[in-house]
Amino acid sequence: MGCDEGDGTYADPTFCEMFYQCRQGAIYTFSCPRTTVFNHLIKLCDSSDNYICEFKCPLEDGVYADPKHCGGFFFCRDRVKVPMSCPEEFPVFNPEVRVCDTTENYPCGKSNVTATTATTAATTTTAVTTTSTPTTTAAPVPGYRGPEPTDPCDFAGPPSKMSNCKWTITTTETSRADLTLENVLVECTVAGTHCVEVTGSSTLTIISSTLRGNQAGRFVAVKANCHLAMSYVLVTRFGTLSLYGGVIEANYGSGTSVTLDHVDMNNNKAKNGGCVVIQGSLSVNSSIFTENTAAEKGGAFFVGDCQGCGFTQSFIDCTFERNTAKEGGAVYNREDTAISSSTFISNTGSVKGGAIYGDGKTTINGASVFQNNVSPDGSIYYCEAMTKLIIGTHTTIPSGAIGGTMCVLTKL
C-alpha cells in the first residue's frame with residue numbers, strides 16, 4: 001500500500017472491504033459498510049453482488065491474507081493458492097507480520113472511519129489513519145517467527161525445552177525424555193537414517209518451527225509407546241527414495257501416536273510415505289502437503305495396518321497437491337481412516353490411485369474436493385478387493401474415477 005501513483009482513492013491490496021486515500025503523500029484508511037466491498041472501477045463502496053473481489057497469488061511465493069475473510073489466509077506457491085484458517089484463539093490474520101493475531105492487535109475490517117452509504121463517493125469521508133501493534137503472542141503460520149534464529153541450541157543434558165535457536169544436527173540425536181522445540185530452526189545433514197530418535201515412552205512437541213533437511217535422511221523416528229506433536233511447523237527436503245517415511249517413521253503399533261496441526265510439508269521423499277509412514281494413532285488437521293514423492297506407495301502418507309488397534313486415523317481440513325507415487329499419489333491407506341473436508345489437487349498415482357489407494361476402510365466426507373488427479377487405474381481412488389469405501393453426502397466421486405474390483409462401496 002503506497003502513494004506512488006499520486007493523490008487519489010485506491011483499493012486496499014489485502015482486504016476487499018477497505019480502501020485508502022493518498023493526500024500529499026499521506027495515507028488515510030477507510031472501511032466500507034457491512035456487506036459491501038470497495039469497487040476500484042467506480043471508486044465507491046459497492047454491493048458484493050455487483051463486484052466480485054478475488055485474491056490471486058503474486059509472483060512471489062509466501063503467505064497472504066484472504067481479502068474476503070479476516071480469519072483466512074493463503075499459501076501461495078508457483079501462483080497456486082491454498083486456503084488456510086486462523087485458530088479460535090487468534091482469529092484474524094495480520095498481514096503486517098504475516099501471522100494469526102488477536103483482534104486487539106489487528107482490528108481487521110474495523111476503522112475509525114466509516115463510509116456513509118454504499119453509494120457515497122469515497123472522497124467525501126473524513127480520514128483518520130489507523131495503526132496496529134503486533135505482539136509476540138500471535139499464533140504463527142507454519143515456520144519459525146521473526147528473523148531466522150542464529151543462536152545455537154544446546155541439546156546437552158538433554159533439556160526439556162529449546163526455543164529461539166538454531167539446531168544443527170550432523171549425527172542422530174536421541175530424545176529419551178519429554179522435549180519441546182518452540183521457534184527453532186532445525187537444519188539436518190544426517191544421511192541414510194533419521195536426525196532425531198524419540199524413545200523411552202517420551203513425547204516430542206514442536207511448535208512454530210522450521211525443519212530443513214538435505215534430502216539425505218528422514219527427520220524423526222518415533223519409537224514404540226512414544227508420541228510426536230507438531231503445530232505450525234514447516235518441513236522441507238527430507239528423505240530419500242530408499243527410506244520408509246521421508247519425514248516421520250512411526251511404525252511401532254498402538255502405543256505410538258502422531259498429531260499434526262497446521263503443518264506444511266513440501267518436497268520430501270521416501271520409498272513409502274513421502275512424508276509419513278505410520279502404524280499407530282494419526283491425527284492430521286488443517287495441514288498442507290505439496291510436491292512430496294514416494295517411489296512406491298503413498299506420495300505423502302503411508303498409513304499402515306495397526307492390526308486391530310481399535311482407532312480411526314483422521315485427516316481434517318487438509319490439502320494434498322502435486323504429490324506423486326506409483327500407488328496412492330497422496331495417501332496409501334491400510335487402516336480405518338476418515339478423510340473430512342479435505343482437498344486433493346493434481347496428485348499422480350503412476351500405476352493405481354491418483355489421490356488415494358485404499359487397502360483398508362476409507363471414509364471420505366465433509367465436502368472433500370478432488371481436482372485433476374491422475375492415474376491409469378482410479379484417477380481419484382483405487383479400491384483393493386473387498387475393502388470398504390464410504391462416501392459422505394457432501395462429497396462427490398464419479399464411479400469412473402474409482403479403480404479396482406469388488407469394492408464394497410457405501411454412499412451416505
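What tally of residues in region 170-192 results from selecting those that are open to solvent by 60 Å² or more (accessible area, probe 1.4 Å) and not aliphatic (A, V, I, L, M)?
5
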- Message: Being in a strand (DSSP E or B) and of a type in the set (Val, Ile, Thr): is that true of Val184 here?
- Response: yes
- Task: Would you point out the residue of region 151-181, among those that are assigned to a loop (DSSP other than H, G, I, E, B) and closer than 16 Å to Thr205 by Cα, that is modelled with the lowest pLDDT?
- Result: Pro158
- Query: Quick check: anything in region 271-283 modelled with pLDDT of 90 or more, buried (at least 24 other Cβ atoms within 10 Å of the Cβ) and among the basic types (Lys, Arg)?
  - Reply: no
- Query: Among (1) among the aliphatic types (A, V, I, L, M); (2) farther than 17 Å from Met265 by Cα; (3) over 23 Å from the mean Cα position of the chain (by Cα), which single condition is Ala216 missing?
  - Reply: (2)
- Message: Kindly evaluate Gly299 against the criterion of being in contact with a strand residue (DSSP E or B) (Cβ under 6 Å, 6 or more places away or on another chain) and assigned to a loop (DSSP other than H, G, I, E, B).
- Response: yes
- Can you spot a residue in region 254-263 that is in contact (Cβ under 8 Å) with a residue 12 or more places away in the chain, closer than 22 Å to Glu148 by Cα, open to solvent by 10 Å² or more (accessible area, probe 1.4 Å) and not acidic (Asp, Glu)? yes
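The values are calculated or read from the model by the stated rules, or taken from the named source; none is laboratory data. Quick caveat: nothing in here was measured; it's all calculated off a predicted structure. Neighbour counts are summed over all protein chains in view; Cβ atoms, including those assigned to glycine, are modelled from backbone coordinates with ideal geometry. Heads up: the accessible areas ignore ligands, DNA and RNA and are worked out on the full protein's heavy atoms, side chains in. Shrake-Rupley method; radii C 1.70, N 1.55, O 1.52, S 1.80 Å.
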